[in-house]
Every structure is written in C-alpha cells, then in structure tokens.
Amino acid sequence: MAAEVHTPAVPIDEAPESLDEAPVPLDEAGYDRLRRRQWLGGEARADGVDRRTLLRMLSATGVLATPTLAVPGLAPARAAAEEVPKPVPGIVKPLPAEWFVPRGTNAEMRWDALRDADGEAAVGRHVPVERFFVRNHTSTPVIDPDTWRLKLFGSGLRGAPVAERPVEFDLDALRRLPSTRISALIECAGNARSYYQSQQQQSVPGTPWTLGGVGSASWRGVRLADVLRAAGLTRAAVDVLPTGLDPHYVVGGTDYGPVRRPLPVAKALDDVLLAYEMNDEPLTPDHGAPVRLVVPGWVGIASIKWVGTIEVADHPLYSPWNTDFYRFWGPDYPDGGSAPLTTQVVKSAFELASGAVLEAGRGHRLHGRSWSGAAAVRGVEVSTDGGRSWRRADLRDEPRAHGWTRWSIDWRPERSGAYELRARATDRQGTTQPTRAVFNREGYLFGAVVVHPVTVA
C-alpha cells in the first residue's frame, strides 16, 4: 500500500496538479549552464568532498580507482549458485567467460557473443538478463521486495514531507499505478573508454571498457511523473534526487555515500521510468531489484539502481555524481569542468571478436549495431579498407529513439593479411561519428569511429 506518513499519497486519478499547473519545463542546456556557474562560483557543494580536494585527487590518482567497500546496514551480495566460480566479487549472477569480460567491480558484455558459432544471431533487439552487462560502483545489494519501500520527501512536495516522515510506496502500490513499457538502452558513460589510449594514445583512469558497457532491454514499470504527482508534486519543484540502496562508495579515504544523482524536474516528468520488470520478468539484483530508474538517452549513472529514496526540492540539488564526477575535465573544457553529462553520443560496434580470423576468397556477412542517445539512427557506413572508402550498410531494424539499430553488409576479401574494419553511424539529428574524440581526463563518452582489427587467412 502507499502509506501516508506525513503527506498523503494521492491516487493517480486524483493527481494534485493539472497539466497546466505542472512545473514549467526547463531548458536543459540553460539548466546545465546555471548549475555550472553555481559550481564554479562556490554556490554548489557536493556532500563528500570539496572541489579543490577533488581536483587534487583527480590529478594524483583518478576518480575511478577501485574503491574500498563500506556496507552500512546491508548484507553483502551472495552468488545465486555458490558452486559457480565468480571472477567479479559483489556480482550475484554467474559470469560465463564466453559472455563477459570482468572489469573490476563490473562485467562487460562480449560483442562476439551476440552471434553463435555458425554466425547466426544469438541475441535480438533486447539482451537477455543473464547476458546483460553489469556496472557497479561497489557491490550488488540483495533487497527483500516485501520490505522495500520507496520514500519521497522534500520542499518540492505539498506539505514538504521530511526524510523522517516521507510519503511511502511499497512495491504493490507501484504495481497498482498505470504501468508503462519502454524499450531503452542503458550505457555506462565510460563505455569505449579504452580507445582513448589504444587509438589516440591518451591515458585516462577508470574501467577500461571496450564497447560492451551497454545493453538494450524492455522495461516495465510506472512513470516517475505519475509517482511524483501522486506524492504531491508542486509547481515550485526544480530538482529530483533519487538515491540507491547500494553500499557506500569509498575511495581515497572519502565516503561519498550511496550512488545518487539529481535530475531536472522537466526530465523527470518527461520519459523517466521507475522499472520493476526487465524483459518481462521481475528485476534481478544486479540490475536494480526491486526498482530502478530508467532514464532514456542519458548516461547510465542517471538510471539509479535499487532506488530507495527520492528527494524533490524547490531549489537545486547536488551530489558527487553531478559535481565531482561525470563531467568533462581537460584542456578543451572550462577550468571548473563542463556541465554534468546527460545525453549519450553516437556509437557503432561489430558483432565480431577483435582480431577475428576470416577466410580469404569467400563472402562474409558482417553484422553490427549502432545507437545514439539523442535520436534514432539514420544510416550506417562500413569501411573494410582502413577508412579509405565507405559503403552503406543494410539496416535490419526500423530505427527508434533510445534503442540500437542492427545492420549488416557483405564483404569478400580476396587477399590474406591484416585488415581494419570501421563502422560509423549518423543519427537523425545529423550527428556522425568523428574520426577522433575530444579528450577528457576521465575518458567519458568516447564516440569516435572504433578501429576493429581482423585477419584474413
């Protein structure tokens, strides 16, 4: 049941705000500029560390070093089957080597695993849960869905409930609200980070993802907008801060607390989902059970897993994940860093192992997928000669926003030797993958064309 603790939770068909009374939509670029000015001017402070300390830590060690784990009040995750060896501590599901590459506290999807031994598609538009990549700052908590509660509070709700007396929803209450199903990608902001080093000879810290820190799924849940309105959203609301129930992130002696990152209320009311199902099944622990956010098109850090609380405020909110982390820092950006990262960039990947060996003198069907956080894919081109010439690939899906588009192209190499394959996509906003990505110190949002080596024998 939705329990009234301080402010009554209003049924959705009695939402407190009519459409014309809803908070005025914010211009996203203007919002980001305002937050950056406040940050640089010293008005914004993220709890956990000040900006000077953060800059010193970045230059000395990098912000994404392997963290120490502090687990306040939560039991550590246990393997679903303890007899199965697990190369990544803190991840619940098995991680077969043919599907995953372990990356610290994370597990990267192998692109060649999307095809079977005969080259046939093994994965369709959506990645099965057991094959979906895992991105954890610390470790996966295992939360009892029967005792889980979503707690909302803050000055942006009617009656301004406080954290000690919030509006609460349990899982059954969420399921009684009108459900929505969306197809959307989740992608780590650091996906493809390793190519800054391997292609551009630019050293960056953090998880050395290739292109497997991404996955597409069908998500079912309730619109965040519906929950906010049911909780008593007011026109004064500016920011929405969801917080996860994961263990605290501790690095360099600093405890940053659980993962949390604010959203402008305009985005929260647009297309954000509080999901409780993934691919028609209840969420599993590694993917945010009992409930997670899905923020279509945005960097994965916005899609908070294991959501426990949501603060709704009539003033700007901050956390380390929108001030200290997940911004661009570097010579091509302002001294205080860029605005917080939001929309994902255009990317393409081959469904083929790097260094694969192909037979000369016969035809091959090359397959891959392209995607963009800003718009649906418009077209994909492939080069099999190191970028000297390009051919248009055949799109196998009707391109959709917030999803990837599968494509294929025929290739018959006659001569043996080393080859470099390349794929580049253009989205419907006209953005095409560049040859080179603009450097940033943490290696976020690498969107340049990736060189894919193969050998023809």
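The values are calculated or read from the model by the stated rules, or taken from the named source; none is laboratory data. These numbers were taken from a predicted model, which means no experiment stands behind them. Every residue, glycine among them, receives a Cβ derived from its backbone with ideal geometry; neighbour counts consider all protein chains shown. What goes into the accessible areas is simple: the full protein's heavy atoms, side chains included, and nothing from ligands, DNA or RNA. Shrake-Rupley method; radii C 1.70, N 1.55, O 1.52, S 1.80 Å.
General remarks:
- Residue-level accessible surface for Leu174, protein heavy atoms, 1.4 Å, Å²: 0
- Between the amide H of Ser179 and any residue lying 5 or more places away or on another chain, no distance stays under 5 Å, with hydrogens modeled in the peptide plane.
- From phi via Karplus (6.51, -1.76, 1.60), per-residue ³J(HN,Hα) for region 447-457 in Hz, x at Gly/Pro: x, 6, 4, 8, 7, 10, x, 9, 10, 9, 10
- Low-density loop cleavage sites - GluC sites (Glu not before Pro) in region 308-386, where at most 11 other Cβ are within 10 Å (DSSP): Glu359
- Spatial separation of Cα centroids for region 101-125 and region 128-201, in angstrom: 24
- Counted charge near Asp116, where neighbours are those whose Cβ lies closer than 12 Å (Asp, Glu -1; Lys, Arg +1): -4
- Cα centroid of region 282-315 to Cα centroid of region 340-357, whole Å: 24
- Length added when fully stretched, Ser416-Ser183, from 0.36 nm per residue minus Cα-Cα: 79.8 nm
- The trypsin sites (Lys or Arg not before Pro) of region 196-299 meeting both criteria, a DSSP state outside H, G, I, E and B (loop) and at most 15 other C-beta atoms within 10 angstrom of the site's C-beta, are Arg235.
- Within the accessible area of region 126-261 (1.4 Å probe), percent carbon and sulfur: 50
- Using heavy atoms of the protein chains and a probe of 1.4 Å, the accessible area assigned to His315 is about 80 Å².
- Built amide H within the under 5 Å cut-off of Leu421, gap 5+: His452, Val454
- In the assembled protein chains, Val438 presents an accessible area of approximately 80 Å² (probe radius 1.4 Å).
- Counting charges near Thr405 (Lys, Arg +1; Asp, Glu -1) among other residues having Cβ under 14 Å from its Cβ returns a value of +4.
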